[in-house]
Amino acid sequence: MPNISTMKQRKRPTTQGSSNGQDNSGQGFNSSSAYSSSAAIHTSTTTSTSSSSSTPSFSSSTVPPKTTAKTTNKPKAGSKGDAKSGLKPAHSQTMLLELLLTVTRSSLVIVTPLVAGMILRVAPSMMEPLYGSIFIEEGFLEYSLFSVSVGVVLAIAYTLLLNKRKDSPAATTLSPLTTAATVGTTLLTAEDQQAAQATAVGLRKDAGLRRGIVVSLDLCALVFASAFLTTHVMFKHSGEFGPWRGPHLTQFVLAYPLLALLGFANTLACVLRSYERVHVRTWISCVLIQVGAILGLTLVVFQMAPQGQNCPRVYSAAILIAVISSLHKLLAFIHGEVALPDERLESRRKPQTASSRASLAMSFIPLVLVLALTAQNVTRNPQCQTTVVKAHNPVNGNYTILARNESVTGGLGVGVASGSLIQHGLLVDVVEIDPAVLDFATDYFDWPTPNEKFIQDGRQFIRNAPEGKYDYVIHDVFTGGGVPPSLFSLEALHDIQRIMRPDGVLALNMVGSENPIKAQALNSVRHTLHTAFKHVVAFKESPDDDDAYQNIVFFAAHFQDWALKTPYDPTKGELILDRNNTLNGMQ
């Protein structure tokens with residue numbers, strides 16, 4: 001039989017209206033008075049001899065014997081809405097701030113941009129050097145946005161399912177034992193029962209939302225922590241699906257589910273809890289601020305974090321998410337709700353029993369798994385080692401790795417071209433975005449010291465370099481799978497023209513094919529070069545196979561020339577041969 005406990009309450013004036021904070025039309029009122037109907041109700045789990053299910057436990061106010069009392073809660077002075085008039089609570093900045101500063105919403109505004117911005121950087125770089133820097137241009141951002149949308153749709157469906165369960169007869173009707181329950185001479189009135197029903201339903205919905213958020217965060221942490229294992233397995237099969245579908249297949253176990261889970265968690269966080277009675281304008285403002293802050297901060301993180309080793313970033317994100325999820329569980333255990341604790345939530349505290357403590361301990365299993373996976377990869381996974389370990393050099397291998405470092409570009413340059421020019425006495429300035437390439441070229445390939453070296457993005461350098469400084473510009477930015485597109489645009493070529501002397505020459509290297517089906521990139525680069533420069537000539541690496549991808553070098557110049565006014569006519573003039581060389585006579 002359910003527990004019915006009593007608590008003394010200061011007698012208040014009785015008025016017409018319902019005790020659960022709603023009038024006959026069902027409209028809510030201001031946030032101050034909306035919590036008192038649940039302030040005299042708490043939940044506990046008891047086991048009945050006739051049923052194994054848990055039944056909510058309700059408190060009622062003590063009234064004179066054999067008397068039923070109808071009470072209503074008086075709104076605070078200055079409130080904009082009340083139950084009697086049916087007015088909705090007015091929009092206010094204070095209510096909006098209360099919505100934004102809940103633990104769930106504020107923590108997700110911080111965590112989501114850090115994780116999303118980082119994964120948008122890390123996921124494409126984990127495809128290097130096979131796919132180079134082209135993957136992020138081949139639908140990755142579009143698929144990422146679609147993944148977030150899927151998470152939002154699933155969260156909306158989940159919320160509708162919770163509401164459907166809330167409106168079902170089983171959820172809105174108290175058991176006969178509870179309806180007829182008495183304590184001495186105290187009876188629950190019909191309005192008290194209605195208030196108890198509404199509060200119990202609200203508690204169940206809030207618990208469902210909370211459970212959805214922490215489960216999605218736990219799954220995010222586990223996907224991150226197992227990223228290198230799952231991508232390693234999928235990468236073996238991605239080649240079977242080609243250079244476009246293969247990388248996306250790998251991301252279906254990394255970036256896409258992570259972004260969908262983040263969309264799911266943030267959508268649930270935007271849903272109003274049962275104790276949050278606010279104007280619809282206030283709620284819409286909260287959602288817009290939440291979404292705007294997340295999108296803006298994600299863009300900032302994406303732009304600020306182009307470099308860095310993948311392993312530390314992935315494991316840091318996994319641990320951060322797991323810790324945030326664990327804190328949510330701990331707050332829910334202590335306060336019964338994931339919100340900033342205050343007097344409105346005091347009645348929602350759950351009784352801390354041995355069973356609930358055991359459940360809390362079990363809920364930390366995802367955090368333990370994340371820490372275990374991190375430790376295993378940091379200590380045993382060769383991919384995450386910053387130095388050469390035994391696993392990098394197998395016994396039967398035909399080469400020996402001397403040093404290794406994680407590159408931010410997948411570049412393959414060791415300074416052959418620049419080193420040759422330096423050895424011939426030319427003053428050479430070198431621009432390299434990846435410091436690891438410069439270090440290894442110096443330490444292991446005897447790269448001579450250049451005139452100047454700049455560790456920065458090439459596009460930024462040509463935009464800011466002095467005008468008319470260079471006789472030659474060698475443009476070789478192939479990363480192993482593609483090229484950075486920003487260095488091949490017409491605007492970039494104009495910047496290169498600006499820093500060249502009038503008689504300067506540009507040498508530009510790319511990989512392409514003359515096969516009409518594969519020649520789109522080659523034709524576009526050729527067209528852009530001919531638009532920017534007056535003189536362009538190209539050479540390919542080998543004449544053997546026109547269909548194959550191979551190195552192609554363009555030489556381009558913009559010096560002035562004075563072409564002949566008369567066009568070439570093959571019918572005029574003689575063919576000069578050794579046996580009949582009459583050139584002296586012509587002159």
May I ask you to list the residues in the stretch 387-405 that are open to solvent by 60 Å² or more (accessible area, probe 1.4 Å) and in contact (Cβ under 8 Å) with a residue 12 or more places away in the chain?
-> T387, L402, R404, N405
Within the stretch 252-281, how many residues are assigned to a helix (DSSP H, G or I) and in contact with a Pro (Cβ under 9 Å, 6 or more places away or on another chain)?
-> 1
R245 meets each of (1) charged (D, E, K, R); (2) farther than 22 Å from L96 by Cα; (3) crowded, with 21+ Cβ neighbours inside 10 Å with one exception, condition (3)
Might you let me know whether the stretch 415-433 holds any residue that is modelled with pLDDT under 85, over 19 Å from F228 (Cβ atoms) and surrounded by 13 or more Cβ atoms within 10 Å (Cβ to Cβ)?
-> no
Go through the residues of the stretch 496-508 one by one and say whether even a single one is more than 26 Å from S125 (Cα to Cα), small (G, A, S) and in contact (Cβ under 8 Å) with a residue 40 or more places away in the chain.
-> yes
Selection status of N580, more than 27 Å from G413 (Cβ to Cβ) and open to solvent by 70 Å² or more (accessible area, probe 1.4 Å) = yes
Keeping to the stretch 452-500, report how many residues are touching a strand residue (DSSP E or B) at 6+ places or on another chain (Cβ under 7 Å) and of a type in the set (D, E).
-> 3
Quick one: in the stretch 224-240, of everything that is surrounded by fewer than 17 Cβ atoms within 10 Å (Cβ to Cβ) and not aliphatic (A, V, I, L, M), which residue is modelled with the lowest pLDDT?
-> G239
Scanning for something open to solvent by 20 Å² or more (accessible area, probe 1.4 Å), of a type in the set (D, E) and in contact with a helix residue (DSSP H, G or I) (Cβ under 8 Å, 6 or more places away or on another chain), does the stretch 504-516 turn up at least one residue?
-> yes
May I ask you to say which residue of E432, E452 is closer than 30 Å to A317 by Cβ and in contact with a Leu (Cβ under 9 Å, 6 or more places away or on another chain)?
-> E432
Does L261 count as touching a His at 6+ places or on another chain (Cβ under 9 Å), within 23 Å of S149 (Cα to Cα) and buried (at least 22 other Cβ atoms within 10 Å of the Cβ)?
-> no
Considering residues that are at pLDDT 60 or above and surrounded by 14 or more Cβ atoms within 10 Å (Cβ to Cβ), the number found within the stretch 164-184 is 2
Looking at N515, is it modelled with pLDDT under 90 and more than 19 Å from F559 (Cα to Cα)?
-> yes
Could we say that Q587 is farther than 30 Å from V483 by Cα, in contact (Cβ under 8 Å) with a residue 12 or more places away in the chain and either among the aliphatic types (A, V, I, L, M) or open to solvent by 90 Å² or more (accessible area, probe 1.4 Å) (or both) here?
-> no
Picked from the stretch 91-128 (must be small (G, A, S) and more than 18 Å from L327 (Cβ to Cβ)), the residue farthest from the chain's Cα centre (by Cα) is S92
Taking the stretch 469-494 only, how many residues are modelled with pLDDT of 90 or more and either under 28 Å from M126 (Cα atoms) or open to solvent by 30 Å² or more (accessible area, probe 1.4 Å) (or both)?
-> 14
Go through (1) crowded, with 16+ Cβ neighbours inside 10 Å; (2) in a helix (DSSP H, G or I); (3) β-branched (V, I, T) one by one and return the number of the condition I284 breaks.
-> (1)
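The values are calculated or read from the model by the stated rules, or taken from the named source; none is laboratory data. What you see is a predicted model, and the numbers here were worked out from it, not measured in a lab. For neighbour counting, all protein chains shown are included, and Cβ atoms are generated from backbone atoms with ideal geometry for every residue, glycine included. All accessible areas refer to the heavy atoms of the entire protein, side chains included, with ligands and DNA or RNA removed. Shrake-Rupley method; radii C 1.70, N 1.55, O 1.52, S 1.80 Å.
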